[in-house]
Amino acid sequence: MAFATPIIACAYAEIALKGRNRKVFLRKLINNIQIALKGEAIASVNHVESRLLVHLDDPARAEQIAAKLQRVFGLQWISPVMAVPRSKVDPELREDLEAEREPRLTAVGKAAVALAAEMRSDARHFKIETRRSDRKFALNSPAISRAVGYTVHHETGLPGRMSHPDLLINVLVLKENVLVFAEKMPAHGGLPFASSGRTMVLLSGGIDSPVAAWLMMRRGSRPEFVHFYAGRSIEEADVAKIKDLVGVLARYAPVPLKLHLVPVVPYEMRAIGVIEDRYDMVMFRRFMVKTAVRLAKRNSCLALVTGDSLGQVASQTLRNLGAISSDISLPILRPLVGMDKMEITAWSKKIGAFDLSILPYRDCCSIRSPRPILNARAQDLLGFSEKMALHEAVTEAVNNTVRLKIDPC
């Protein structure tokens, strides 16, 4: 649980591996943080020695702000910290070393004691773990840990323990400050939102596609969503569940997300009497992909994203996946392709979409032929496409698409 503190430290991981374009990713990350914290009393967001320090005007809001930061892609962990200025540490240390006394590090020790009092709860032992970002600091990490640990033990009575301690207090030595913290709240890592371009996500009412969208968002994708609804109108289809699913994903985005609602009637009217029952599923999936490509190009999206998992259902056999998209001009990203249902369900629960995803919904794929072909050939689907005028169905569907902006829910 976070405590009242004027500074929250945010660590990034993957961005640190970037080369000359690292500054681009950092600017995007800082911008996303500032948008995520809009309305909060934030004094500044500073980049200090491979960390971002968020300075708060209201320390009492630290817990709520830390929770918001956990949903910012690109951050690896979040920690409320106590900052001790080096101006309070260095003179005393210099004096102790010149007098050949045991280093005291009084100010750092007091911060650690205050933190232990705040966080200890029912802790039976503790450990001080130190890292020096500033290698010019006169003491090495073990010596710092000994000095601070002595103060904590003397003031609290807690014994030290090097392995599996109940309370772990971290000390990080920077050039201008020494940071003291006990919590490292995990974030989601990845790359900053919108740092990898736009994608068009084919969103169903099930478990898989929201997870696929979230995983691509974590890789820096800015998604737009396309959903194909059954029925002659949006009101008849009742797409409230779909809007709520996008709202859940919007919690992880600094801006509202766009949802394109597309009718399936243009396909169904042309497929009647033309498409054999066993080809209906794969042809319908082809209609969805072709329509999504058209919408993607209109909205500057560079790829499609689907929730396909290899072999999970009939339309997702390797042959059918190839036949459906044989002439598609955009890349199709399938982040779930190697996952099983249990793994996908675990992700769905983690991101907060599962309870919505399992609610009843009349998904247009669920009303297709119950005995679909498993090994469709591309040339057969191309022939059916020409026979049923699939191009006209796509054009009509795109022209009747409704676009919505969805805020977090």
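The values are calculated or read from the model by the stated rules, or taken from the named source; none is laboratory data. Bear in mind that the values here come from a model prediction, so they are computed numbers and not experimental data. All Cβ positions, even for glycine, are placed from backbone atoms using ideal geometry, and neighbour counts span all protein chains on display.
Structural remarks
- Which numbered condition I328 misses (of (1) outside any helix (DSSP H, G or I); (2) closer than 20 Å to L245 by Cβ; (3) of a type in the set (V, I, T)): (2)
- Cβ-Cβ contacts under 9 Å between residues 6 or more apart (or on different chains), taken from a first residue in segment 16-35 that is exposed (fewer than 14 other Cβ atoms within 10 Å of the Cβ) to a second residue that is of a type in the set (A, V, I, L, M) and not in a helix (DSSP H, G or I), are listed as I35/V255.
- Unmet requirement for L179, which otherwise passes all of (1) farther than 30 Å from S357 by Cβ; (2) at pLDDT below 95: (2)
- The condition (being in contact (Cβ under 8 Å) with a residue 24 or more places away in the chain, more than 21 Å from V248 (Cβ to Cβ) and not in a helix (DSSP H, G or I)) is satisfied by just one residue among P408, P372, P335: P372.
- Residues located in segment 217-257, provided they are charged (D, E, K, R) and within 12 Å of the chain's Cα centre (by Cα): R218, R219, R222, R251
- One residue alone among V313, V305 is β-branched (V, I, T) and over 20 Å from the mean Cα position of the chain (by Cα), and that residue is V313.
- Among (1) in contact (Cβ under 8 Å) with a residue 24 or more places away in the chain; (2) surrounded by fewer than 17 Cβ atoms within 10 Å (Cβ to Cβ) - the single one S221 does not satisfy: (2)
- Beta carbons closer than 6 Å, at least 6 apart along the sequence or on distinct chains, pair a first residue in segment 62-75 that is at positive phi and touching a residue at least 40 places away in the same chain (Cβ under 8 Å) with a second that is of a type in the set (A, V, I, L, M, F, W, C) and crowded, with 23+ Cβ neighbours inside 10 Å for G74/L29.
- Of all residues in segment 286-314, those that are in contact (Cβ under 8 Å) with a residue 60 or more places away in the chain have Cβ atoms under 7 Å from Cβ atoms of residues that are of a type in the set (D, E), 6 or more apart or on another chain, in N299/E224; C301/E224; G307/D208; S309/D208.
- Flag if G307 is crowded, with 21+ Cβ neighbours inside 10 Å and not in a helix (DSSP H, G or I): yes
- Against the conditions (1) more than 20 Å from L404 (Cβ to Cβ); (2) of a type in the set (S, T, N, Q); (3) not in a helix (DSSP H, G or I), S300 satisfies every one except (1).
- Remark: pairs (first residue in segment 102-127, touching a residue at least 40 places away in the same chain (Cβ under 8 Å); second residue aromatic (F, W, Y) and buried (at least 18 other Cβ atoms within 10 Å of the Cβ); Cβ separation under 6 Å; 6+ apart in sequence or on different chains) = E118/F3.
- Of all positions in segment 142-160, none carries a residue that is among the hydrophobic types (A, V, I, L, M, F, W, C) and closer than 30 Å to V24 by Cβ.
- If you go through segment 108-132 and keep only what is of a type in the set (S, T, Y) and within 17 Å of P80 (Cβ to Cβ), you end up with just S121.
- Some residue of segment 230-237 being in contact with a helix residue (DSSP H, G or I) (Cβ under 9 Å, 6 or more places away or on another chain) and acidic (D, E): no
- When K350 is tested against the conditions (1) out of contact with any Pro (no Cβ under 9 Å at 6 or more places or on another chain); (2) surrounded by 14 or more Cβ atoms within 10 Å (Cβ to Cβ), the lone failure is (2).
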